[in-house]
Amino acid sequence: MEKLIEEFSLGLFFWQSLLFIGLVLLLRKFAWKPILDTVNDREEGIKNALAAAEEAKKEMQNVTADSEKLLKEARAEREAMLKEAREIKEKMIADSKEQAKLEGDKMLKQAQAAIESEKKAAVADIKSQVANLSVDIAEKVIKEQLSNKDKQLKLVEDMLGDIKLN
Amino acid sequence: MRKTFLITLLFATSLFVSNNAFASEKEAEEGADGKDLKTEIKEYIDHHLLDSHDFSLFSIEQENGEKKHIGFPLPVILWDNGLKVFSSSKFHHGETVAEVDGNYYKLYHSKIYKTDAAGTINYDDKHHATNEKPLDLSITKGVVMIFITCLLMFWLFSSLAKSYAKNGSIPKGIGRFFEPIVLYIRDDIAISNIGEKRYKKYMPFLLTVFFFIWFLNMFGLTPLGVNVTGNIAVTAALAIITFLLTNLTGTKDYWKHLFDPLGDSMPWLGKLPLYIILIPIEILGIFIKPFSLLIRLYANMQAGHIVVMSLIGLMFIFKSWIGSPLSFGLAFAISLIEILVALLQAYIFTMLSALYFGFASEEHDHAEAH
């Protein structure tokens, strides 16, 4: 202990205290504070970046899930629309076929009716013409008979032969 | 290791010179002052361990028996009825009396004493000098080393701080080595001992004291071999700062713990007789903690220097083909251990300071734990 006190140098103590305290104050301002601040900022930055990355990953997952869902929905909708369209088409085709058939049938019947009536009219016409012709023939025959007895007879005979041929 | 070689060279040179000077071996063992080798080595070590007023690198004994000192003088600053500044070369390494403004000063055992023109030193019965000692604020070898360390640290760490701005917060070069140490001190010394909340205000001191002690310890191992951290005045100054910081930043809980260590766990009547013993112990503890710091650092560094230098000295005492290489090997091994000790002592001082700061800044009631 006595040796320690003997060895103790006040001058060295004074300079050591002065220089050391000065060093602490200077380094605090020019070194430790900027160094620790930078290190803290960097650690904070890394922490934030990691959190942001995690967040982005989650967001990404959400977005993917959303788009998947949308895609599915869209696909389903398309499917439904296609099905509907097909149904409509088939129905339309069936409808038009039926209508066409009906129309055709109707037209056919009309045509048949028209033909029938034409035929009847034609037959009636023929009948009336035959009647007229008969009357004319009869007239002519009568006229001939009136002019020439033999000829009238022959004519009747010819005409009768004609009728027979008919 | 260069230290070992240089001092070996140093001893070898001086022995070679003295061997040349004196013919017989017996005479060779006795130096110019009639001292034998062992005493000379002991004195050399003692002198080395102390601070000195000039920066001597080594000394050579010349043929005429005079010692030639290689080195440079340092300014001496005295307060003796007024400021006196002169060069330490006036002392001629303690061999002559320095005369300044009509006063005479003499260097004796690395201390400056006021004396008369003849340089008489009076002794008491224990062979202690009784001469008047002026207030000595000289720039000694130790102060120079402290100053160099301060400059080095300032340059090193302020350039590290600046380099962050340049390199986008990423350390470069030597910063890659020092930044992890700074982080280690922050995370494993400061935060783990003081706590997340209050560690920040102690950081400048803890960081500075760690690097300061480490660097000075390492300087002590260089061939310059300046024993600064092994000087009681230096360690005392550091420990006193720890002591002041601990007690000036102490919280209410710290002082309550000090004067009421048992807390509410006992009635006052029971506590009183215990406190007659406990409180003085607690108060003594405040002083013992920093005192242990200063003694631990001082003794470790002092012991390291003594051991290394003694082992080197042994080489010249043995002077044989077996003894000398053996002590050289030992000196080499101890020097390696000293490099570890240099770091370890810096760590321990910082660690314990942080621990004491942790005690001082505790805020929760601690009574139950005792």
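The values are calculated or read from the model by the stated rules, or taken from the named source; none is laboratory data. As the structure is a computational prediction, the values presented were derived from the model and not from experiment. For neighbour counting, all protein chains shown are included, and Cβ atoms are generated from backbone atoms with ideal geometry for every residue, glycine included.
For the subset of the stretch A:1-25 comprising residues that are over 16 Å from B:V228 (Cα atoms) and in contact with a Cys (Cβ under 9 Å, 6 or more places away or on another chain), which member is surrounded by the fewest Cβ atoms within 10 Å (Cβ to Cβ)? Ranking the qualifying residues of the stretch A:1-25, first place goes to A:G22. All conditions in (1) among the aromatic types (F, W, Y); (2) surrounded by 14 or more Cβ atoms within 10 Å (Cβ to Cβ); (3) at pLDDT 70 or above hold for B:F22, with the sole exception of (3).
If you go through the stretch B:168-181 and keep only what is at the interface with another protein chain (Cβ under 10 Å from one of its Cβ atoms) and either among the small types (G, A, S) or not in a helix (DSSP H, G or I) (or both), you end up with B:G168, B:S169, B:I170, B:P171, B:G175. Only one entry of A:I93, A:I21 meets the criterion of being at the interface with chain B (Cβ under 9 Å from one of its Cβ atoms) and part of a helix (DSSP H, G or I), and that entry is A:I21.
Select, from A:K83, A:K97, the only residue that is at pLDDT 95 or above and among the basic types (K, R). Result of the check over A:K83, A:K97: A:K83.
Filtering the stretch B:80-102 for residues that are in contact (Cβ under 8 Å) with a residue 24 or more places away in the chain and facing chain A (nearest Cβ under 10 Å) leaves an empty set.
Checking every residue in the stretch A:32-42 against the condition of being among the hydroxyl-bearing types (S, T, Y), over 30 Å from B:K141 (Cα atoms) and modelled with pLDDT of 90 or more gives zero matches. Within the option set A:S128, A:S134, A:S147, A:S117, being within 30 Å of A:I163 (Cα to Cα) and exposed (fewer than 10 other Cβ atoms within 10 Å of the Cβ) holds for one residue only, A:S147.
For A:A31, are the conditions met, namely being within 14 Å of chain B (Cβ to nearest Cβ) and either touching a residue at least 60 places away in the same chain (Cβ under 8 Å) or of a type in the set (A, V, I, L, M) (or both)? Yes; evaluated as a whole, the condition is true for this residue.
Here B:T149 meets the list (1) surrounded by 14 or more Cβ atoms within 10 Å (Cβ to Cβ); (2) under 30 Å from A:G22 (Cα atoms); (3) of a type outside the set (A, V, I, L, M); (4) touching a strand residue (DSSP E or B) at 6+ places or on another chain (Cβ under 8 Å) almost entirely, failing just condition (4).
Selection over the stretch B:191-215 of residues that are more than 10 Å from chain A (Cβ to nearest Cβ), part of a helix (DSSP H, G or I) and crowded, with 16+ Cβ neighbours inside 10 Å gives a count of 9. Would you call B:L272 farther than 23 Å from B:A354 by Cβ and away from every other protein chain (no Cβ under 14 Å)? Spelling it out, B:L272 is indeed farther than 23 Å from B:A354 by Cβ and away from every other protein chain (no Cβ under 14 Å).
Checking each residue in the stretch B:137-165 for being at the interface with chain A (Cβ under 7 Å from one of its Cβ atoms) and not hydrophobic (A, V, I, L, M, F, W, C) picks out B:S138, B:T140, B:G142, B:S158, B:Y164. When we screen B:L274, B:L278, B:L314 for residues that are touching a Pro at 6+ places or on another chain (Cβ under 6 Å), part of a helix (DSSP H, G or I) and either more than 26 Å from A:M1 (Cα to Cα) or not hydroxyl-bearing (S, T, Y) (or both), the only hit is B:L278. Taking the conditions (1) in a strand (DSSP E or B); (2) within 14 Å of chain A (Cβ to nearest Cβ) in turn, B:H127 satisfies each one other than (1).
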